Amino acid sequence: MLFDFAAVLVFIVISIFFIFGTLVFSWIVRPSKPSAAKSSTYECGEIPAGDAWIKFNIHFYVIALIFIIFEVEILVLFPWAVVFKELGMTAFIEMLVFVGILALGLAYLWKKGDLDWVKGTDYMKDAPMPSDAGRSAREHRSEEKSAKGGSASGGKD
Amino acid sequence: MSLIENRFDKNFIVTSADFFINWGRANSLWPVSFGLACCAIEMMATGMARYDIARFGAEAFRPSPRQADLMIVAGTISHKMASRVKLIYDQMSEPKYVMAMGSCACSGGPFVKHSYSVLKGADLIIPVDVYIPGCPPRPEALLDGLMKLQKLIRKKSIAKAGK
C-alpha cells in the first residue's frame, strides 16, 4: 500500500531534476551580458516613466468583497437545493438563517453607500451644480463684503 | 560571453556541443512582434497559414523583447522611432539577431536622398545580420532571409577564436 506512493516520489525526483537540470544547462550555455537597458522596464521602446506600483481606488477591494457575499451564497445554495427534499424543515430554517446573515451584510453595505460606485454622493443630492456653486460663492463673498462694510460703517458711527 | 564560450580548443566534444546549441538556436528564433511600416503587413502574411513561418520555428512572435531573440526591422525607421528601436534592441536578451526587412530598413529605400525624417538604414543604430531587399519583400523573401540567418547561426562556434 505504502509502496504505491513510490511512484509519487519518483515523479517528484524527476520533476526536480528536470527543473534544475534545465536551469543549470541554460546557465552553462547562455551568454551573459547584463546591461542597464536590459533590466529596465519594457514600455514598447519608450523610456520608462514613473513607477509600476501605482495607487488605485480602494473601492475595487470593497466590490470584490461584495462579490464574495453572493459567491458563498450560491456555493452553499446549490448543494442544499439538490438534497433539499431529504433534509426537510431543519435545513430550510438553517438556510434561512444563513441567507439572513448574508442579507444583513448586504444591508449594512447598502446603508454605508458601498453599492454606489462613487461613494457617499447621496448627501450631495441637493448641492448646487458647479455653475450655481460659483455664483453662490460670489454672492456669499459679496454678502460678506457688504456685511463687513456695514460693520465698518457701523464702527465709524 | 557564456561560461563555456572561448575556453576550449576545437575538438570533437566542442563541435558536437556547437551542433546542438546552434540547432536549438537556429530552429527556435522568436521574433519581437513589432512592425514599423508596410513591410510589417508582409511579415504578418508570413506568419499566417499560407506562408507559415512556423515551419522554421519562428512563429512565436513575442510581445516582449525579453523572450525574443530575433528582431525583424520591418519598415521605414523614422528618426523619431530610431531611439525606440535601439532601446528595444538593447532590451532583448542574448543571443540576439537582427533582420533588416525591406529597402527602408536596409538603406532608407525611397527616402534615401531627399528625406529629413528617415533613418538611412537600420545598421546605423543596431548591428544587422541579414538584409532583405524589396519594397516590400514578398513573404518568400522574408523566409529566405530567415533561412540565411539560420545558416549564419549554424556556423557559430563556442571554441576559441582562430583555432
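Working value for chain B: equivalent-ellipsoid semi-axes of 29, 18, 14 Å, each the square root of 5 times a Cα gyration tensor eigenvalue, largest first. With contacts taken as Cα pairs under 8 Å and at least 6 residues apart, the stretch B:1-86 reaches a relative contact order of 35 percent. Remark on B:Tyr97: its backbone amide H falls under 5 Å from those of B:Leu70, B:Met71, a criterion applied only to residues 5 or more positions apart or on other chains, H modelled at 1.01 Å from N.
Going from the residue with the fewest nearby Cβ atoms within 10 Å to the one with the most, B:Asp144, B:Asp9 rank B:Asp9, B:Asp144. Within the shell of other residues whose beta carbon sits under 12 angstrom from the beta carbon of A:Ser32, the net charge comes to +1, with Lys and Arg scored +1 and Asp and Glu -1. Charging the Cβ of each Asp and Glu at -1 and of each Lys and Arg at +1, and nothing else, the dipole of chain B about its Cα centre rounds to 260 debye. Take the Cβ atoms of B:Ala82 and A:Thr41, set R0 to 25 Å, and the FRET efficiency comes out at 0.80.
Just so you know, all these numbers are worked out from the coordinates, no wet-lab data involved. Computed from a prediction, not measured in an experiment: that's the story for all the values here. Neighbour counts run over all protein chains shown; Cβ positions are idealised from the backbone, glycine included.
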